[in-house]
1. Percent relative contact order of region 63-136, based on C-alpha pairs within less than 8 angstrom and at least six residues apart?
2. Arrange the following residues from fewest to most other Cβ atoms within 10 Å of their Cβ: 138, 66.
3. Based only on other Cβ atoms within 10 Å, what is the fewest-to-most ordering of 35, 131?
4. Give the dimensionless ratio obtained when the Cα radius of gyration of region 63-136 is divided by 2.2 N^0.38 Å.
5. At 7 Å along the Cα-to-beta-carbon direction for both residue 121 and residue 39, put a label point, then send me their distance in nm to one decimal.
């Protein structure tokens, strides 16, 4: 009898972590996230807040891309004149100008009645031109008239 007791004592303990339960938990979490992720991307009707933010002060004149009510694009570089422009010419001109002046601010100003898709296309064109950051222009909130 003592012989079998000694054999049990001489067995070495394993110092390994059993990862099978962790893999099971990870797979369950992955399935939960895969099922719930598409539900989180649903569109929600929102009202954007009005901003009383102050204007950004820059030493350099910005490059301004304007989109009018009819969806036409206009480009103003620095203190230059405003010229009507199409997407390909916009990409070429802004790309060349930004390469020469990498710190120049680039802004998009769109008429509030224009389709948002036109503003998005202008932003995508500026991204292709190599512009790292694009600002959106707006009018300050008008204070109500006092009586």
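1. Working: 105 pairs, mean separation 27.7, N = 74.
Relative contact order comes out at 37 percent.
2. On the way: 138 13, 66 20.
So the residues, fewest neighbours to most, are 138, 66.
3. Going from least to most buried by this count: 35, 131.
4. Working: Rg = 11.2 Å, N = 74, 2.2 N^0.38 = 11.3 Å.
Rg over 2.2 N^0.38 Å, computed on Cα atoms: 0.99.
5. Here the answer is 3.7 nm between the modelled labels.
We did not get these values from a lab; they are worked out from the coordinates using the rules stated. The structure displayed is predicted, hence computed values, not measured ones. Virtual Cβ from ideal backbone geometry, glycine too; neighbours counted across all protein chains shown.
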